[in-house]
Amino acid sequence: MIIISLLTALILTILIEETVILLLGYGNKNTFFVVALVNVITNPIANYIVMTNNIFNIIKPNISFLIILEVLIVYIEWKILEYALPNQEKQSYLILSIMMNLASFLTGIILFGLP
């Protein structure tokens with residue numbers, strides 16, 4: 001059951017973030033591929049951190065906890081995008097990372113609520 005939840009979250013995140021790429025005009029195959037791979041790395045780790053925290057009550061789960069986690073994810077994804085796709089403006093990857101993660105974060109809250 002947990003694996004299905006993690007896979008659902010990953011697939012939904014990739015679909016949402018790939019849609020953002022398309023809408024913002026970054027729609028080339030390299031960008032789609034790199035963003036999908038980045039999410040295969042960051043999404044399960046983020047969800048595992050949230051699930052572990054919810055089980056063991058390490059930090060009181062609240063919106064601040066989720067925002068801090070999302071800021072870390074935005075930073076990591078931004079740096080990976082800069083490294084993997086060096087042909088674009090580096091500032092634009094920060095904006096792209098923010099927009100992608102904001103869209104997937106808000107969709108997650110709308111669909112699943114806060115943990």
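Which of (1) farther than 26 Å from Ile4 by Cβ; (2) in contact (Cβ under 8 Å) with a residue 60 or more places away in the chain does Leu81 not meet, given it meets every other one? Only one criterion is unmet by Leu81, namely (2). Inclusion of Tyr93 among residues that are in contact with an Asp or Glu (Cβ under 6 Å, 6 or more places away or on another chain) and among the aromatic types (Phe, Trp, Tyr) is warranted.
The listed residues are Val50, Val35, and the only one of them that is among the β-branched types (Val, Ile, Thr) and in contact with an Asp or Glu (Cβ under 7 Å, 6 or more places away or on another chain) turns out to be Val35. Looking only at residues in the stretch 69-92 that are outside any helix (DSSP H, G or I) and loosely packed, with under 15 Cβ neighbours inside 10 Å, the one that is modelled with the highest pLDDT is Pro86. Applying the criterion of being crowded, with 16+ Cβ neighbours inside 10 Å, modelled with pLDDT of 90 or more and not β-branched (Val, Ile, Thr) to the residues of the stretch 16-35, the residue that is farthest from the chain's Cα centre (by Cα) is Phe32. Applying the condition of being farther than 21 Å from Ile11 by Cβ and among the β-branched types (Val, Ile, Thr) to the stretch 93-115 and asking which residue is modelled with the highest pLDDT yields Ile98.
Each residue in the stretch 12-35 was checked for being within 14 Å of Ala84 (Cα to Cα) and not in a loop (DSSP other than H, G, I, E, B), and 7 pass.
The values are calculated or read from the model by the stated rules, or taken from the named source; none is laboratory data. In this text the structure is predicted, and so the values were computed from the model without any measurement. As a convention, Cβ positions derive from the backbone with ideal geometry for all residues, glycine included, and neighbour counts pool all protein chains shown.
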